[in-house]
Protein chains: 2
Amino acid sequence: MAETTVPDPLEPLTRDVVARLQAHLDGPSATVRAQTREALCELGLEKAEGLDREAYRDQVLEWLRALAGGGAGARSFPPELGGEGDPAGSIASFQTLAHGDLSLLVKVGVQFGLFGGAVHRLGTEEHHRKYLPGVASVDLPGCFAMSESGHGSDVRSIRTMARYDAAAQEFVLHTPDDDARKDWIGNAARHGRVAAVFAQLDVAGEARGVHAFVVPIRDEQGNLCEGVEIEDCGDKMGLQGVDNGRIRFSAVRVPREALLDRYGQVGEDGSYTSSISSPGARFFTMIGALVQGRICIGSAGLAVARNALTIAVRWGERRRQFGTGLDMDTPLMDYLTHQRRLLPAIAESYALQAACDHLTSEYVAVLTEPGGERQREVEALAAGLKAVATWHMTRTVQDARECCGGKGYLTENRFASLRADSDVFVTFEGDNTVLLQLVAKTMLSDYASQFEDLDAVGMARHLTTRSVSRLLSESGPLGRFTRDSAEPRDASWQGSMLRVREERLIDSLARRLRRLVQSEGMDPLRALSHCQDHALKTAIAQVERIAHERFTMAVEAVEDEPTREVLTRLRDLYALTVMERDRAWWLEHGFFDGDTGKEVQREVNVLCGQLRPAALGLVDSFGIPDALLRAPIAVAPQTSGAGTD
Amino acid sequence: MAETTVPDPLEPLTRDVVARLQAHLDGPSATVRAQTREALCELGLEKAEGLDREAYRDQVLEWLRALAGGGAGARSFPPELGGEGDPAGSIASFQTLAHGDLSLLVKVGVQFGLFGGAVHRLGTEEHHRKYLPGVASVDLPGCFAMSESGHGSDVRSIRTMARYDAAAQEFVLHTPDDDARKDWIGNAARHGRVAAVFAQLDVAGEARGVHAFVVPIRDEQGNLCEGVEIEDCGDKMGLQGVDNGRIRFSAVRVPREALLDRYGQVGEDGSYTSSISSPGARFFTMIGALVQGRICIGSAGLAVARNALTIAVRWGERRRQFGTGLDMDTPLMDYLTHQRRLLPAIAESYALQAACDHLTSEYVAVLTEPGGERQREVEALAAGLKAVATWHMTRTVQDARECCGGKGYLTENRFASLRADSDVFVTFEGDNTVLLQLVAKTMLSDYASQFEDLDAVGMARHLTTRSVSRLLSESGPLGRFTRDSAEPRDASWQGSMLRVREERLIDSLARRLRRLVQSEGMDPLRALSHCQDHALKTAIAQVERIAHERFTMAVEAVEDEPTREVLTRLRDLYALTVMERDRAWWLEHGFFDGDTGKEVQREVNVLCGQLRPAALGLVDSFGIPDALLRAPIAVAPQTSGAGTD
């Protein structure tokens, strides 16, 4: 019981522990991260201050080229294409870039990840030879033209057409109406010379589904190509350094070779062939490129939150607060509400990083050996983690800004741009709400595959038995889940609580859907929409369970004892923060009694008190150079026992 | 039970009901609101687009003068001073202004509310004659120089000095060091000619506490006065149209008459007199001016949230979403998660408006008859409601922006400025966290005054008896609070749940504090800091109980049946949203069983479905003209049964 064994607060972290924590966060791609940090610091990010929109965009292009010169562009391409064959390093580099200028980050993502990724994955050797060197050097700035005005997240129903004209051996790309304009396309409004355009392929009157084509949009002098109209998306809340545009094609002709034809080929004669026979499977293979984008955005969201946390914790140590009778030397960080706004977010940042690292290595494995359940899991986790990590980011940036009061409102202290630039993360690369529904659908189909032969009653009986028996075997009788038996600091108790929530949520979601469909005759997808809030909770519960599981495994692998101690407390704080936030669920389902609920809240306070002296060291472990933070209030206080590098 | 009596969805609201709802929200100051809306529409707010900072500031000053020409400036001054003696109208006008440009709003608040308010309240007849006409016409732009760099919210410990030089019959104002600079002072950086400066009065070596002085800072040509240094606060996240600055005084001399001496006078000979003998009471009387500021900011926060809700609901009706099997004609508003993000916020907006209206009328009563418990209650509610309403605003604006996806990220659709401009509301005019602690302290002293003669044990016993007996008398036996007895649509059940939470929270907070102080020997204020999260929850619980209570009373007074019906559902949705959010508390304290918790969540879904057809009409009832919304995506859809004016 926590009350009888409250450990003392940690000492401020030593330089050594901070370095080990940073190594833990940096993971296997530590070298790439260090190179990226250094390259970023050399760019002179302050040069963007005060520039107007077009000048800022040009500055970002210049930075992009400087990074490309350092090898950032080709990192994920295979060595034979001039790259390093290191997609994990590419993701780590992207995450590290998010400590700097987010317009540059997005431009990197568009050029190397999306445009380069489309050519690399969907194209064949000739495309690689022809385009990838220009992608990597940024001599050929490119666009990823998938989204349309009318159908933001629904790629399958895009309406740009690509009709094959066999006589001319050309494809004719055409935008039928305003809703089918390519929208929000980065690099389109100013710098792009070519675009990977996703369109509905029509060969000899037969619809072959979504395919990608390399389409020139500007010549070398920057003049628009014939039949291409581009409109600037205009001023945005943030990311003003990214030249987003809308593209319309009027019967634009490209040669047959413009089709990125790795998964679907059109012969000279207009014959269509594909190694993937099902149009649905072909579509999903082609869309796979989006998965890395989602992993990248989720990771970047964690990095943005770390900038905010670093600034707020350093200011919280320096700023003295008045008026509750503590003497004037009391730093803001000594206040419980301040601790509660910042320390659980630090713990969450660590836990979500563990999930991210796991996802990255699974993703790399799937790249080598695609398909199957593992690929589905990677796709689902990429979607779920993107949503959870970017909402963590918006909450954290907001809390951190509020913790800095008026100082946080000054542009010089960076919250203005951190927030405005990152805000779109929650709705682009798949809207968070939509992504979580995808996760829930994957969970439901996994679930359904276990119960194919059972009717509703049989399924319900089976579920109850399964849940109960699993709990009994793992955690002893249900009677354990009272205050006397709750073990808030025990990872296996935490894990079983997170697992039972995930299981029960998917169980009850499936049962609700079955009832709506079978007994009330509702259309299955309308039924899912009817249970949308339930589906979202279920998806989030899965991500949180995985984060806890992976963080626990990562912590247990740490050998240095003081480092493991602080990580263990962060893990506990993560688990208990999740449980505190959603404790009503465990209460409603009989896994907590009232005292356990209160105990969880108390324990969060205790952990905040214990971790408080480590706060400065913890944000130092994020390893963000001052040249990237660029916030006067984040100057490291003299009282810090730990150092940044 | 809700499940057996689920009423049908409402019909789309008729024009008549929308008009009645708007009249309900507009309240007794409807005429002032209409005038303000009209005056705002005439200003041409789009003129600020694309202006640089200084040009924007000058534009805002021009608008301010235009509003002053329409009588906005003198509204709260008594008729004999050229005003209308209508502080309630002044608050309503301020709230309405928040639908427009927030830099203008803040400038109005600084000039008329803070600077004008200081002269009006703290000055005497001669000051009124000398300054108020210039305040009302904006011929004399003024500052309210209270906050200092080192002490944002702690007025009592400001360190600007005002020493009386009896020989010269002058006060000498001096800034001892950088921490004592006046900071964040609106109107200081560019337009202000004079400032109400708060400083520690020293008469003949005796400290007399904080007093306010009218100090010239610029001459008519805009040159700084001797001894006055002003620095621009620089670029901010938002509110760039407000010229915030830092002021330093180097032995600046002002005549004896510069003291705003209604509550404390310095005679020619250096004698000090005051009608309020206790320095503490005197201080609080002088600070009373801040109360109206807090009421205004809380109200303005509600208005900002309404702009965001109007834009998001209108777009949610127009935008069709794909992919969950509903046909393409399904508007976003038909999705449950969309409803859950927007409709409870609309309900909360209505409920908090009821609390605001109550607060305003109490405030007006206290202005006539200051002092006593009523004044303390007004001060506490002003603080608490400011915090709750502005956090409601930040949550709502963020949710609304996310509901609009990429469209919400475009500057033209206004979320960028709505959010950036309003964000400081949560930390200025008293940081929300600090304000809620003030509320909790007031609650604790009210509480303590009931138990002066009891020891801890006696108090605890008394409390238990009291809570239980009160519940028994109001709501029958505790056994009622199970699913079978919960009455989610019954205002008296809702009210008793909200009351019991507030009572128990203050009870347990007092007991925890007593234990820490008496048994553990902790300093009382350190003990309060130790229980800070508990104190915040307690304060929020009080505000929510009052909002529900006042909204219920307001709804019951409505005679038109269809109008009362929709208001009743909004009241239910507000109550159940509050309960859903914090349902763990009722579960932990035995007032809900698990089924009640689930029932509350289900009922929120049901209410969302019922209110969904009314969504457009509900945002129309906010009465925000398109010229103020200025968002292309908020063009009212044709499908609306209801009209805007």
* Asked: Which residues, counting only those in segment B:579-593, are modelled with pLDDT of 95 or more and of a type in the set (Phe, Trp, Tyr)?
  -> B:TRP585, B:TRP586
* Determine if segment A:131-143 includes at least one residue that is within 27 Å of A:GLN221 (Cα to Cα), without any contact (Cβ under 8 Å) to a residue 24 or more places away in the chain and surrounded by fewer than 22 Cβ atoms within 10 Å (Cβ to Cβ). => yes
* Asked: Is one or more of the residues making up segment B:23-31 surrounded by 17 or more Cβ atoms within 10 Å (Cβ to Cβ) and at positive phi?
  -> yes
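Looking at A:ALA584, A:ALA547, A:ALA575, which one is crowded, with 24+ Cβ neighbours inside 10 Å, within 14 Å of chain B (Cβ to nearest Cβ) and in a helix (DSSP H, G or I)? Steps first, please.
Working: A:ALA547 fails: within 14 Å of chain B (Cβ to nearest Cβ); A:ALA575 fails: within 14 Å of chain B (Cβ to nearest Cβ).
Going through A:ALA584, A:ALA547, A:ALA575 in turn, the sole match is A:ALA584.
Taking the condition of being within 13 Å of chain B (Cβ to nearest Cβ) and assigned to a helix (DSSP H, G or I), how many residues in segment A:517-536 meet it? I'd like the intermediate steps shown before the answer.
So in segment A:517-536, the residues within 13 Å of chain B (Cβ to nearest Cβ) come out as A:517, A:522-536.
Subsequent filtering for residues that are assigned to a helix (DSSP H, G or I) retains A:517, A:524-530, A:532-536.
Here the count works out to 13.
Residues to consider are A:PRO133, A:PRO79, A:PRO87; find the one that is in the same structural domain as A:ALA34 (by TED's automatic domain parsing) and within 22 Å of the chain's Cα centre (by Cα).
Numbers: A:PRO133 fails: within 22 Å of the chain's Cα centre (by Cα); A:PRO79 fails: within 22 Å of the chain's Cα centre (by Cα).
Criteria check complete, one pass: A:PRO87.
Quick one: is A:VAL60 β-branched (Val, Ile, Thr), over 29 Å from A:ALA118 (Cα atoms) and in contact with a Ser or Thr (Cβ under 7 Å, 6 or more places away or on another chain)?
Details: β-branched (Val, Ile, Thr): yes; over 29 Å from A:ALA118 (Cα atoms): no; in contact with a Ser or Thr (Cβ under 7 Å, 6 or more places away or on another chain): yes.
No: the conditions fail for A:VAL60.
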* Structure fact -> Scanning segment B:233-283 for residues that are within 14 Å of chain A (Cβ to nearest Cβ) and among the basic types (Lys, Arg) gives B:LYS236, B:ARG246
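State all residues of segment B:248-260 that are within 14 Å of B:GLU126 (Cα to Cα) and touching a strand residue (DSSP E or B) at 6+ places or on another chain (Cβ under 8 Å); if no residue qualifies, say none.
Initially, segment B:248-260 is screened for residues within 14 Å of B:GLU126 (Cα to Cα), giving B:255-260.
Hits for segment B:248-260 are B:PRO255, B:ARG256, B:ALA258, B:LEU259, B:LEU260.
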* Would you mention how many residues in segment B:406-441 are in contact (Cβ under 8 Å) with a residue 40 or more places away in the chain and either out of contact with any helix residue (DSSP H, G or I) (no Cβ under 9 Å at 6 or more places or on another chain) or small (Gly, Ala, Ser) (or both)? => 6
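Can you find, within segment B:368-397, the residue that is farthest from the other protein chains (Cβ to nearest Cβ) among those that are of a type outside the set (Asp, Glu) and more than 18 Å from the chain's Cα centre (by Cα)?
So in segment B:368-397, the residues of a type outside the set (Asp, Glu) come out as B:368, B:370-372, B:374-376, B:378, B:380-397.
If we keep only those that are more than 18 Å from the chain's Cα centre (by Cα) too, we end up with B:368, B:370-372, B:374.
On the way: B:THR368: 31, B:PRO370: 24, B:GLY371: 24, B:GLY372: 24, B:ARG374: 25 Å.
Ranking the candidates gives B:THR368 first.
Search segment A:183-202 for residues being outside any loop (DSSP other than H, G, I, E, B) and among the aliphatic types (A, V, I, L, M), and hand back the single one that is farthest from A:GLU220 (Cα to Cα).
At the first step, the residues of segment A:183-202 found to be outside any loop (DSSP other than H, G, I, E, B) are A:183-185, A:194-202.
Within this subset, residues satisfying the condition of being among the aliphatic types (A, V, I, L, M) are A:185, A:194-197, A:199, A:201.
Working: A:ILE185: 19, A:VAL194: 10, A:ALA195: 14, A:ALA196: 17, A:VAL197: 19, A:ALA199: 25, A:LEU201: 28 Å.
Checking each candidate, the answer is A:LEU201.
So how many residues does segment B:112-139 have that are part of a helix (DSSP H, G or I) and either within 14 Å of chain A (Cβ to nearest Cβ) or of a type in the set (A, V, I, L, M, F, W, C) (or both)?
9
Residues are listed down the side, and each one gets a yes or a no for (1) more than 32 Å from the chain's Cα centre (by Cα); (2) surrounded by 15 or more Cβ atoms within 10 Å (Cβ to Cβ):
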position	(1), (2)
A:GLY227	yes, yes
A:GLY234	no, no
A:ASP243	no, yes
A:ARG246	no, yes
A:GLU257	yes, yes
A:LEU260	no, yes
A:TYR263	no, yes
A:SER274	no, yes
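Would you check which residues across segment A:420-431 are at the interface with another protein chain (Cβ under 9 Å from one of its Cβ atoms) and among the small types (Gly, Ala, Ser) and list them? Break it down stepwise before answering.
Narrowing segment A:420-431 to residues at the interface with another protein chain (Cβ under 9 Å from one of its Cβ atoms): A:420, A:423-424, A:426-428, A:431.
Correct list: A:ALA420 only.
For (1) among the acidic types (Asp, Glu); (2) modelled with pLDDT of 95 or more; (3) over 22 Å from A:VAL110 (Cβ atoms), each residue gets a yes or a no:
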residue: A:GLN22; (1), (2), (3): no, yes, yes
residue: A:LEU25; (1), (2), (3): no, yes, yes
residue: A:GLU49; (1), (2), (3): yes, no, yes
residue: A:GLU54; (1), (2), (3): yes, yes, no
residue: A:GLY71; (1), (2), (3): no, no, no
residue: A:PRO78; (1), (2), (3): no, no, no
residue: A:PRO87; (1), (2), (3): no, no, no
* Of all residues in segment B:259-311, count the ones that are at pLDDT 95 or above, among the β-branched types (Val, Ile, Thr) and not assigned by TED's automatic domain parsing to the domain that holds B:LEU352. => 1
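Count, please, the residues in segment A:405-419 that happen to be more than 7 Å from every other protein chain (Cβ to nearest Cβ) and either on the phi > 0 side of the Ramachandran plot or of a type in the set (A, V, I, L, M) (or both). Show your work before the answer.
The initial filter retains those residues of segment A:405-419 that are more than 7 Å from every other protein chain (Cβ to nearest Cβ), namely A:407-408, A:413-414, A:417-419.
The next check asks that each one be either on the phi > 0 side of the Ramachandran plot or of a type in the set (A, V, I, L, M) (or both); those that pass are A:414, A:418.
Total satisfying the criteria: 2.
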* Asked: Which members of segment A:587-637 meet the condition of being part of a helix (DSSP H, G or I), among the small types (Gly, Ala, Ser), away from chain B (no Cβ under 12 Å) and out of contact with any Cys (no Cβ under 7 Å at 6 or more places or on another chain)?
  -> A:ALA614, A:ALA615, A:GLY617, A:ALA634
* To do: Kindly indicate whether any position in segment A:524-542 is under 24 Å from A:ASP8 (Cα atoms) and among the polar types (S, T, N, Q).
  => no
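Scan segment B:134-152 residue by residue and report those that are among the hydroxyl-bearing types (Ser, Thr, Tyr) and closer than 14 Å to B:LYS182 by Cβ.
First pass over segment B:134-152, keeping only residues among the hydroxyl-bearing types (Ser, Thr, Tyr): B:137, B:147, B:149.
If the condition is that a residue be among the hydroxyl-bearing types (Ser, Thr, Tyr) and closer than 14 Å to B:LYS182 by Cβ, then B:SER147, B:SER149 are the ones that fit.
Consider segment A:233-250. How many of its residues are not in a loop (DSSP other than H, G, I, E, B) and not charged (D, E, K, R)? Working first, answer last.
From segment A:233-250, those not in a loop (DSSP other than H, G, I, E, B) are A:236, A:245-249; that's our starting set.
Imposing the further condition that a residue be not charged (D, E, K, R) reduces the set to A:245, A:247, A:249.
Residues meeting the conditions: 3.
Residues A:ASP86, A:ASP101, A:ASP58: which one is among the acidic types (Asp, Glu) and buried (at least 24 other Cβ atoms within 10 Å of the Cβ)?
Details: A:ASP86 fails: buried (at least 24 other Cβ atoms within 10 Å of the Cβ); A:ASP58 fails: buried (at least 24 other Cβ atoms within 10 Å of the Cβ).
After ruling out the rest, the residue left standing is A:ASP101.
Please indicate, with yes or no, whether at least one residue in segment A:63-71 is within 14 Å of another protein chain (Cβ to nearest Cβ), without any contact (Cβ under 8 Å) to a residue 60 or more places away in the chain and not in a helix (DSSP H, G or I). First the steps, then the outcome.
Taking segment A:63-71 as the starting set, the residues that turn out to be within 14 Å of another protein chain (Cβ to nearest Cβ) are none.
The answer is no; no qualifying residue exists.
Would you check if A:VAL434 is at pLDDT 95 or above and either at the interface with chain B (Cβ under 10 Å from one of its Cβ atoms) or over 14 Å from A:LEU536 (Cα atoms) (or both)?
On the way: at pLDDT 95 or above: no; either at the interface with chain B (Cβ under 10 Å from one of its Cβ atoms) or over 14 Å from A:LEU536 (Cα atoms) (or both): yes.
It is false that A:VAL434 is at pLDDT 95 or above and either at the interface with chain B (Cβ under 10 Å from one of its Cβ atoms) or over 14 Å from A:LEU536 (Cα atoms) (or both).
The values are calculated or read from the model by the stated rules, or taken from the named source; none is laboratory data. In this text the structure is predicted, and so the values were computed from the model without any measurement. In this analysis, Cβ positions are derived from the backbone assuming ideal geometry, glycine residues included, and neighbour counts consider all displayed protein chains.
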